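K.L.:
Starting off with a structure, shown below.
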Amino acid sequence: MRIRRFAAVAATVAVSALVLSGCAAPQSEIVEGSSLSVAWNQPFYSYNQNTSFGNATANANIIYSTNSGFGYYDNTPSWVKDTSFGTYEKISDDPLVVKYTIADGVKWSDGTAVDAADLLLNWVSLSGAENTPNFDSSEFTDPDTGEFTDSFPKDVVFFDSGADPTTGLGLVSKLPEISDDKKSITLTYDSPFVDWELAFTSAGLPAHVVAMHALGIDDPQKAKDALITAIKDNDKTSMAAISSFWNSGFNFTEMPSDTSLVVGDGPYTITDFVADQYVTLTANTNYTGANQPKVQEITVRFITDPLAAVQALQNGEVQVISPQATADVADALAALDVTVIGGYEGTYEHIDLQFDQSKSGNFNDPLVREAFMKVIPRQEIVDKLIKPLQADAEVRNSQVFLPGAEGYDDSVANNGSAAYKDVDIEGAKALLAQANNPNPEVCMLFSSTNPRRANEFLLIQQSAAQAGFNVTDCSSPSWGGLLGTPGAYDASLFGWQSTSLGVTNGPPPTYNSKGINNLNFYSNPEMDKLTDQLGKEFDPAKQIEIEKKIDKLLWDDFYGVTIFQFPAVTAFDQNAISGISPGPLSPTIFWNIWDWTPVTAG
Amino acid sequence: MATFVVRRLIASIFIFLAATYLMYILVSLSGDPLEDLRTSTAPNKLQLIEARTMLLHLDVPPYLRYFIWLGGIFGFTGKGFFDLGVTVQNQPVNILLAQAAGSTLQLVTIASLVAIVLGLVVGITTALRQYSGYDYGVTFLSFLFFSLPIFWVAVLLKQYIAIGFNDFLAHPQIVWWLVPLLAVIAGLIWMSIIPGKGLRRLATFGIAAAATAAVLIYMDMSNWFSYPHIGIVGIIITLVGAAFGVTAISTGLRNRKALYASLVVAGVGAALWYPFIYYTTGLPFWGWVGSLVALVGVALGIGWFMGGDDRRPVARTAALVGLVAGAVLSLDRFMQVWDDYAQSGRVKGRPIATIGSGTPGLEGSLWVHGIDLFTHLLLPTIALILISFATYTRYSRASLLEVMNQDYIRTARAKGLTERTVVVRHAFRNALIPIATIVAFDIGGIIGGAVITERVFGWTGMGALFQNGLDHVDPNPVMAFFLVTGSLAILFNLIADLVYAGLDPRIRVS
């Protein structure tokens, strides 16, 4: 009897232990004691990536790993919502009203809850809504260091986030509403903004940490309340302190002694940071979201030299590298027993033709533009200059879509780029004859310090000469400043960097006749209509339809050509890690850091 | 003397000011600091451009912006004296400079010391064995090293000494044919160094080859590469050898008092082996330095008491042997933790590192950190040594040869002094004079000259400061680099002149 009772108890205990461990399993998938090292080519330098100077991939990688958001780009790239962090919904189109809600139980790594105070701070910093108007901070800036002088007025609010009142969160100038449970915030845009999903994506910096430091309050909850009150009342004295701390408090070059400065709400937290050497990320025990990490500790080591990164991978000092793609790196990696993934970056190389105000004026004639586009040896450039770095590189055939992104294949099939697939010398000659301009001069602007562009220039020069073009060298080390200068050049060769898929980053500023990135005096009323329409279209499917029309119109107008997407290379030791699948947009390899799994040797 | 120094310094300051102006303008005009923002498609790019322009005063032309920078140096910006401004990433350059200088000093100090000692020793021995096989061999090698580009040497070093050696450590068995090969090579080297003719040369070859083969076989049999050690036997052999060797050079073996004192010190060192190996786990860094100093002090005392009438040379000899004893004991102690270190979860059996200045997250005793520093310093140090080695060997060889042909050397020989006294007392000291100036220049230059070495070994120091600044067309960090290296060059030039005057009585500074 006694024995049976004991057995029953034992069985119960065993079963409940099993059940408990089964329950606990999804919370902790970490392989205990596992550690991995990743190489990155630039040291981390600021925990606030929203300042005008902190926006770099080196920071974004770390901040992305240590913080969650309402969504992120995957490797397609497409936007993935993370509902375990919070949700958002558009309440109305006009005026545009969006409600953001933090999920229950989401905490910062120090245990404080993530709530509306954080969202409110993120809004006030990114929108610049409470920045002192017409305040020229340079008058009170140390002429040497760029930091604020002692005479800086104490009641001036200045969040150095590069806020622009005509775009993004700058359009939300009214104080957002906070729900009673302090979990939600409702933003009301002054005018419709189609990329609203990308304008406000996370809780930003921990409000309690900012307020505790800026206002000298010890209790996190009281600090949050004080911050909300300060923002609501637009209390200039408090806001000045808060903005000042937001600007400068999170810039450090080594592990700060005050660890509250590295508080985050993501799968990992920073536990060590040795100047110029590495950042150690350790799984965040307070993280409750869906993206549970599998590796206990990830060290991001800073290795500038691409070949040094390859050898560090070979020597087992790092398990993942994503060095600058060079021919040497490609050769060295090919000889190793590692998995190499070719990919591409957000930047794409292209040639713009000056429609007006050019040096020679030749491109004012569409026939000459068409002829020049026919002789640009795009495939040859890719074959000779890009394929040695990345064997499967392809010519980019769209002015609007990123290869692989939704709409690219459809658009390429219809946009008319096929006419420029191969060099057509005879066709170009015929066009030039028709234009009555058999030997037009084309002065090309490009970076004289970039050897790859110099090589591209030579290939173009040789090919174009066969059709009668006299392509000359307008390169300069300060070519960037010359872009858009009237009368300085005829064509420009450079790369646009895409950091997001938002439509407001793409066609409207570049192809609209008034756009800030319209540097070639392109003006087509139909294009202006389309870009304006795109800037007001909320439906993603319809956005793509308009973008396809824009793409086709650009090729029909002989705008210029796209050549290639910058190649990227990622290599990892498949015997140590799995789950790496880099994406083209920042934070490239880190976007799925929670999927990285240590491979344990059998 | 004082007028000379003051005059030199004042002239240097003006030259330096002009140089900084030139440097600032060159860096500022080397490109476009806004290039990355201009090609950005961020909607707020105009605001970002404005912010950076404000941060770095890009609205002021470089010709005038220099004076804003100079104002910071003289403390006109209200941020104290010697304010170097901020980088394009809004980091204070002063903090970056301190970090960079620290890591560069760590990298180049050991490399410089080893290169100087090794270069002098090899240079002197080649001069004494002029036109021997050894001399030709060293000449060939030093010119070879001198002409190798460092980035290429670095890649080779990483491939063979780091990756290759780490692979070897996984199964540390020496290939059988390597033993006779290395034995023959070692025999040839020793045969060409040690003088003699006919049978004696053959004997030298045989002994050296046999000893090498024996050591290699012992290493292989005892799994030495996994568990390196010197052991009490090795310590005794080394210390007795050191006692004879140091005495031979320092005072000559005829000085029996010096020899006995050295042997006593060697005995003390051997007696300390057990406590030093087994009771020093928690020893702090300064405790280690302190015990080394104490050991040398004890040796000095032994020499002093045993010295009799002629105390100074005996005490000096004994102290040198004490230093060797401390070094060998420490080496054995470091070797003790080698296996623990190599097999730790952080190092994972691949101890020789190719990048960085330390294993991330490694925790352990002084000895573990010492090993860690060694494995990280090894490759960059070799790379740096290979380059400066050539200069030191060539200069010291030429200098000693010149001195050896002087009349006073013939006089010294004629009056019957031993060859040791002639070489060490009369020739060597005078041969050092020109070397001193080269060493002074080199120390000034090497701090700034390790740019490429730092980059390829991921050792972020002054070189990285310089290069990152140049990449971003950001003059402030480049100027910080230039200030340090430029003032060091001026300072060491001055020191070299003063040292020359101090060493060579024929030269007077006035």
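K.L.:
Please indicate, with yes or no, whether at least one residue in region A:95-110 is in a loop (DSSP other than H, G, I, E, B), within 14 Å of chain B (Cβ to nearest Cβ) and at pLDDT below 90.
P.N.:
No; the residues of region A:95-110 include none that is in a loop (DSSP other than H, G, I, E, B), within 14 Å of chain B (Cβ to nearest Cβ) and at pLDDT below 90.
K.L.:
Kindly indicate whether any position in region B:34-49 is modelled with pLDDT under 85, β-branched (Val, Ile, Thr) and more than 16 Å from A:Ala163 (Cβ to Cβ).
P.N.:
The answer is yes; a qualifying residue exists.
K.L.:
So how many residues does region A:50-65 have that are more than 10 Å from chain B (Cβ to nearest Cβ), of a type outside the set (Gly, Ala, Ser) and buried (at least 22 other Cβ atoms within 10 Å of the Cβ)?
P.N.:
First pass over region A:50-65, keeping only residues more than 10 Å from chain B (Cβ to nearest Cβ): A:50, A:57, A:60-65.
Cutting the leftovers down to of a type outside the set (Gly, Ala, Ser) gives us A:50, A:57, A:61-64.
Going one step further and asking which of them are buried (at least 22 other Cβ atoms within 10 Å of the Cβ), we end up with A:50, A:61-64.
The total comes to 5.
K.L.:
Counting just the residues of region A:149-186 that are modelled with pLDDT under 70 and either loosely packed, with under 14 Cβ neighbours inside 10 Å or under 15 Å from A:Lys236 (Cβ atoms) (or both), which one comes out nearest to the other protein chains (Cβ to nearest Cβ)?
P.N.:
A:Asp150
K.L.:
Please list, ordered by first then second residue, the pairs with beta carbon atoms under 6 Å, 6 or more apart or interchain, first in region B:434-463 and within 14 Å of chain A (Cβ to nearest Cβ), second at pLDDT below 80 and part of a loop (DSSP other than H, G, I, E, B).
P.N.:
B:Gly463/B:Ala450
K.L.:
Separate question: List the strands (runs of 3 or more DSSP E) that sit entirely inside region A:274-365 and contain at least 1 residues that are among the charged types (D, E, K, R).
P.N.:
Values: elements: A:278-283, A:295-302, A:339-353.
Ranges flagged: A:295-302, A:339-353.
K.L.:
Additional query: Taking the conditions exactly as written (within 11 Å of chain B (Cβ to nearest Cβ) and modelled with pLDDT under 90), does A:Ser137 satisfy them or not? So that I can check it myself, show each step before the final result.
P.N.:
Details: within 11 Å of chain B (Cβ to nearest Cβ): yes; modelled with pLDDT under 90: yes.
Criteria met by A:Ser137.
K.L.:
If you don't mind, another one. Find the residue count for region B:297-329, including only residues that are in contact (Cβ under 8 Å) with a residue 60 or more places away in the chain and within 24 Å of B:His229 (Cβ to Cβ).
P.N.:
The qualifying residues number 5.
K.L.:
Among the helices (runs of 4 or more DSSP H) confined wholly to region B:426-502, which include 2 or more residues that are closer than 30 Å to A:Phe53 by Cβ and in contact with a Pro (Cβ under 6 Å, 6 or more places away or on another chain)?
P.N.:
Answer list for region B:426-502: B:462-471.
K.L.:
Scan (1) under 25 Å from B:Gly31 (Cβ atoms); (2) surrounded by fewer than 16 Cβ atoms within 10 Å (Cβ to Cβ); (3) touching a Ser or Thr at 6+ places or on another chain (Cβ under 7 Å) for the single condition A:Ser586 breaks and write down its number.
P.N.:
Just one mismatch for A:Ser586, condition (2).
K.L.:
Let me ask another. Which of the helices (runs of 4 or more DSSP H) found entirely inside region A:414-491 contain at least 3 residues meeting this: at pLDDT 90 or above?
P.N.:
A:425-434, A:451-467
K.L.:
Let me spell it out: the conditions are (1) hydrophobic (A, V, I, L, M, F, W, C); (2) at the interface with another protein chain (Cβ under 7 Å from one of its Cβ atoms); (3) under 23 Å from B:Gly461 (Cα atoms), and B:Val114 meets all of them except one. Which number is the exception?
P.N.:
B:Val114 satisfies every listed condition except (2).
K.L.:
If you don't mind, there's one more thing I want to ask. Step by step: first the residues of region B:69-87, then only those that are more than 7 Å from chain A (Cβ to nearest Cβ) and over 34 Å from the mean Cα position of the chain (by Cα), then the one that is modelled with the highest pLDDT. Which residue is that?
P.N.:
That would be B:Leu70.
K.L.:
Looking only at region B:189-219, how many residues end up being within 29 Å of B:Leu169 (Cα to Cα), of a type outside the set (A, V, I, L, M) and in contact with a helix residue (DSSP H, G or I) (Cβ under 6 Å, 6 or more places away or on another chain)?
P.N.:
2
K.L.:
On to the next question. Among the β-branched types (Val, Ile, Thr) and either crowded, with 21+ Cβ neighbours inside 10 Å or not in a helix (DSSP H, G or I) (or both): does that describe A:Thr229?
P.N.:
When the stated conditions are applied, A:Thr229 does not pass them.
K.L.:
If the requirement is being at the interface with another protein chain (Cβ under 10 Å from one of its Cβ atoms) and either assigned to a helix (DSSP H, G or I) or over 30 Å from A:Gly535 (Cβ atoms) (or both), which of these qualifies: B:Leu48, B:Leu9?
P.N.:
Of the residues listed, the single one that is at the interface with another protein chain (Cβ under 10 Å from one of its Cβ atoms) and either assigned to a helix (DSSP H, G or I) or over 30 Å from A:Gly535 (Cβ atoms) (or both) is B:Leu48.
K.L.:
Return only the number of the condition from (1) crowded, with 22+ Cβ neighbours inside 10 Å; (2) touching a Ser or Thr at 6+ places or on another chain (Cβ under 6 Å); (3) among the small types (Gly, Ala, Ser) that B:Gly133 does not satisfy.
P.N.:
Of the numbered conditions (1) crowded, with 22+ Cβ neighbours inside 10 Å; (2) touching a Ser or Thr at 6+ places or on another chain (Cβ under 6 Å); (3) among the small types (Gly, Ala, Ser), the odd one out for B:Gly133 is (1).
K.L.:
For residues that are farther than 17 Å from A:Gly480 by Cα and surrounded by 18 or more Cβ atoms within 10 Å (Cβ to Cβ), scanning just region B:21-32, find the one that is farthest from the other protein chains (Cβ to nearest Cβ).
P.N.:
Here the answer is B:Met23.
K.L.:
How many residues are more than 30 Å from B:Arg350 (Cα to Cα), touching a residue at least 60 places away in the same chain (Cβ under 8 Å) and exposed (fewer than 15 other Cβ atoms within 10 Å of the Cβ) when one looks only at region B:169-216?
P.N.:
1
K.L.:
Could you please tell me which pairs satisfy a Cβ distance under 8 Å, a separation of 6+ or placement on different chains, a first residue in region A:359-377 that is within 17 Å of A:Phe457 (Cβ to Cβ), and a second residue that is of a type in the set (Ser, Thr, Tyr) and modelled with pLDDT under 95?
P.N.:
A:Lys359/A:Tyr489; A:Met373/A:Tyr420; A:Val375/A:Ser463; A:Ile376/A:Tyr420; A:Ile376/A:Ser463; A:Pro377/A:Ser463
K.L.:
Now, a different point. Yes or no: region B:231-253 includes at least one residue that is crowded, with 18+ Cβ neighbours inside 10 Å, in contact (Cβ under 8 Å) with a residue 12 or more places away in the chain and either in contact with a strand residue (DSSP E or B) (Cβ under 9 Å, 6 or more places away or on another chain) or within 30 Å of B:Gln173 (Cβ to Cβ) (or both).
P.N.:
Within region B:231-253, one or more residues are crowded, with 18+ Cβ neighbours inside 10 Å, in contact (Cβ under 8 Å) with a residue 12 or more places away in the chain and either in contact with a strand residue (DSSP E or B) (Cβ under 9 Å, 6 or more places away or on another chain) or within 30 Å of B:Gln173 (Cβ to Cβ) (or both).
K.L.:
Which members of region B:350-372 meet the condition of being within 20 Å of A:Leu313 (Cα to Cα), more than 8 Å from chain A (Cβ to nearest Cβ) and surrounded by fewer than 20 Cβ atoms within 10 Å (Cβ to Cβ)?
P.N.:
Answer for region B:350-372, where residues must be within 20 Å of A:Leu313 (Cα to Cα), more than 8 Å from chain A (Cβ to nearest Cβ) and surrounded by fewer than 20 Cβ atoms within 10 Å (Cβ to Cβ): just B:Leu362.
K.L.:
Right, here's the next one. What is the one condition in (1) surrounded by fewer than 22 Cβ atoms within 10 Å (Cβ to Cβ); (2) in a strand (DSSP E or B); (3) hydrophobic (A, V, I, L, M, F, W, C) that A:Phe564 does not satisfy?
P.N.:
Only one criterion is unmet by A:Phe564, namely (1).
K.L.:
Continuing with the same structure: Select from region A:403-426 the residues that are touching a residue at least 40 places away in the same chain (Cβ under 8 Å) and in contact with a Leu (Cβ under 7 Å, 6 or more places away or on another chain) and list them in ascending order.
P.N.:
Selection gives A:Ala405 alone.
The values are calculated or read from the model by the stated rules, or taken from the named source; none is laboratory data. Because the structure is a prediction, the values reported are computed rather than measured. Positions of Cβ are generated from backbone atoms using ideal geometry, with glycine treated the same way; all protein chains shown enter the neighbour counts.
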